[in-house]
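Single-structure report; data block below.
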Amino acid sequence: MKKRLLSALCAVMLLVCAVPMASAQSGDDTRMADALTVLHILAEEPDRDLTAPATRAQAAVLLVHLAGAEQAAAADNWLAGFRDVPASIAQEVNYAARQGWITGVTATAFRPDAALTANAWSAFLLRMLGYSDKAGDFTIADAAGFAQRIGLFPIAYTGTLTQGDLFEMAADALSFSYRDGSATVIGRLVSQGTVSRAAANALGLLT
């Protein structure tokens, strides 16, 4: 999937023409961030630092966008009970918590600015895809390894993640299927109208 994204990104840029490249950074992580921006999964940030640590707040917001659930989150008034979540991301965090995709560090603390670990992000994504640690599908301590073994990621990530890592992992997830086999992540986004079919096709994600 990554090779398809890299080879098609230039064509997408010509089609969309609205995505600024990330400062002096280069490499797969920059291209993946640009691809996610083209698909409107990420907001445009010309000065995004992909080497900066990824945070739990970024993970929660990105998870909701990957699920195409922005409108559902905005309409949901359920509160998870976290006392440390700023209003700017409260809808996404509360919605993701209600779906069972994310958990807090404690019952009242989500710690949005805390560093994001590979196992935590893998667990968030796996739950969104229909896997359950409670049902014994995977363990939190081995979530990244499990994700690699089932083909969600090409490698088993470890330790804390950079923003570049986070976006590469999110891009890898686009072509992965939900556990029930109903659709891939990108397929569901397109069917919902959240992502343009033309942009997804240009990236080679629907072929």
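The values are calculated or read from the model by the stated rules, or taken from the named source; none is laboratory data. On a predicted model such as this, the values are computed, not experimentally measured, just so you know. Every residue, glycine among them, receives a Cβ derived from its backbone with ideal geometry; neighbour counts consider all protein chains shown. Remember, those area values only see protein heavy atoms, side chains included, never the ligands or the DNA or RNA. Shrake-Rupley method; radii C 1.70, N 1.55, O 1.52, S 1.80 Å.
In this structure the stretch 29-79 gives 42 Å² per residue of accessible area when probed at 1.4 Å with all protein chains present. Heavy-atom accessible surface of I155, to the nearest 10 Å², is about 90 Å², with a 1.4 Å probe and all protein chains retained. Evaluated at q = 0.08, 0.10 Å⁻¹, a Debye calculation over the C-alpha positions of the chain (equal weights, vacuum) places log10 I(q)/I(0) at -0.25, -0.39. Within the full protein context, the accessible area of Y157 is estimated at about 30 Å² for a probe radius of 1.4 Å.
Measuring nothing but protein heavy atoms, the accessible surface of the chain at 1.4 Å probe radius is 52 percent carbon and sulfur. Of the whole protein surface, F153 contributes about 10 Å² of accessible area at a 1.4 Å probe radius. With a 1.4 Å probe rolled over the protein heavy atoms of all chains, the accessible area of H65, H40 falls in the order H40, H65, largest first. Dipole magnitude for the chain: computed about the Cα centre from +1 point charges on Lys and Arg Cβ and -1 point charges on Asp and Glu Cβ, it is near 480 debye.
Across the protein chains, with a 1.4 Å probe defining accessible surface, the residues L42, L66, L79 rank L79, L42, L66 from largest area downward. Is the stretch 65-136 best put as rounded, prolate or oblate by its Cα gyration tensor, with a ≥ b ≥ c the root eigenvalues, rounded for a/c under 1.5, and otherwise prolate when a/b is larger than b/c, oblate when not? Verdict is oblate for the stretch 65-136. Applying the Karplus relation 6.51 cos²θ - 1.76 cosθ + 1.60 with θ = phi - 60° to the stretch 64-69 yields 3J(HN,Hα) values of 5, 5, 5, 7, x, 10 Hz, where x marks Gly and Pro. Of V105, A120, L79, which is farthest on the positive side of the dipole of the stretch 54-207, counting Cα position, with +1 on Lys and Arg Cβ, -1 on Asp and Glu Cβ, and the Cα centre as origin? Checked the options; the winner is L79. Using alpha carbons only, how many angstrom separate the centre of the stretch 166-187 from the centre of the stretch 115-146? If we compute the Cα centre of each part, the gap is 14 Å. For the stretch 99-207, taking Cα atoms only, Rg and Dmax work out to 14.5, 44 Å respectively.
Taken per residue, the accessible surface of the stretch 98-177 reaches 40 Å², heavy atoms only and a 1.4 Å probe.
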